[in-house]
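Computed from the coordinates by the stated procedures, all read-outs in this text should not be read as laboratory data. What you see is a predicted model; the values in this text were computed from it and never measured. Here the Cβ positions follow ideal geometry from the backbone for every residue, glycine too, while neighbour counts run over all protein chains shown.
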Amino acid sequence: MNSEPRIVMVTGGARSGKSSLAESILCRHAGPRIYVATAQAWDDEMTQRIKLHRDRRDADWTTVEEPLDLPGVLQRTDGQGARLVDCLTLWLANLGEAPGPAIDALCAVLERQQSPVVLVTNELGQGIVPENALARRFRDQHGLMNQAVARIADEVWMAVSGLPLRLKPQKETA
């Protein structure tokens with residue numbers, strides 16, 4: 001396997017350390033760094049979360065804010081440096097109902113990327129079953145999206161309590 005993975009997915013629960021892990025993985029790559037932000041500051045709490053993420057990065061990062069056209073941003077920025085997408089969960093939520101075609105487009109673009117991409121996503125499937133149908137549909141769509149991206153990814157990591165766990169590629173046994 002290539003020593004420098006092209007597509008890396010980092011998953012984990014809320015406040016698990018996944019964004020910090022993703023940033024450290026991206027910093028393995030020399031050259032320009034592009035942060036693709038999918039969050040939208042709808043309220044004071046989200047504004048504060050965005051600020052914390054911005055404050056953690058130094059001036060070497062270029063930020064591109066794109067809540068909807070993630071495939072387009074990745075296509076346009078390929079060749080300009082390593083990209084960190086934070087996060088797929090918010091991007092999926094921004095899309096609303098029937099995100100299937102957008103997920104398919106994302107996977108198609110990821111398969112053609114030449115420059116590294118590190119994608120952050122939440123792990124939603126380990127909690128309780130949501131009470132309402134809309135939340136269950138989102139959880140299910142999110143799980144399917146994560147599976148699709150993980151299939152394409154050269155590496156998949158999970159952050160748990162601030163600790164990195166490598167899921168893919170798995171170490172060979174025997």
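Some observations on this one:
- Computed magnitude of the charge dipole of the stretch 83-174 (debye, nearest 20; Cβ of K, R +1, Cβ of D, E -1): 100 debye
- Per-peptide packing, taken as the mean over residues of other Cβ atoms within 10 Å, places 123-132, 25-34 in the sequence 25-34, 123-132 from highest down.
- Unit charges on C-beta of K, R, D, E only; dipole of the stretch 7-168, Debye: 400 debye
- Computed per residue of the chain from DSSP H runs no shorter than four, each worth -39500 (n - 2.57), the mean residue ellipticity at 222 nm is -12500 deg cm²/dmol.
- Dipole-positive endmost among HIS142, PRO169, LEU92 within the chain (Cβ charges, Cα centre): PRO169
- Cβ-based net charge around LEU144, under 15 Å, with every Lys or Arg adding one and every Asp or Glu removing one: 0
- Environment charge of LEU110, counting only residues whose C-beta is closer than 12 Å and scoring Lys/Arg +1, Asp/Glu -1: 0
- Electrostatic tally near ILE128: other residues with Cβ closer than 12 Å to its Cβ, Lys and Arg +1, Asp and Glu -1, net +1.
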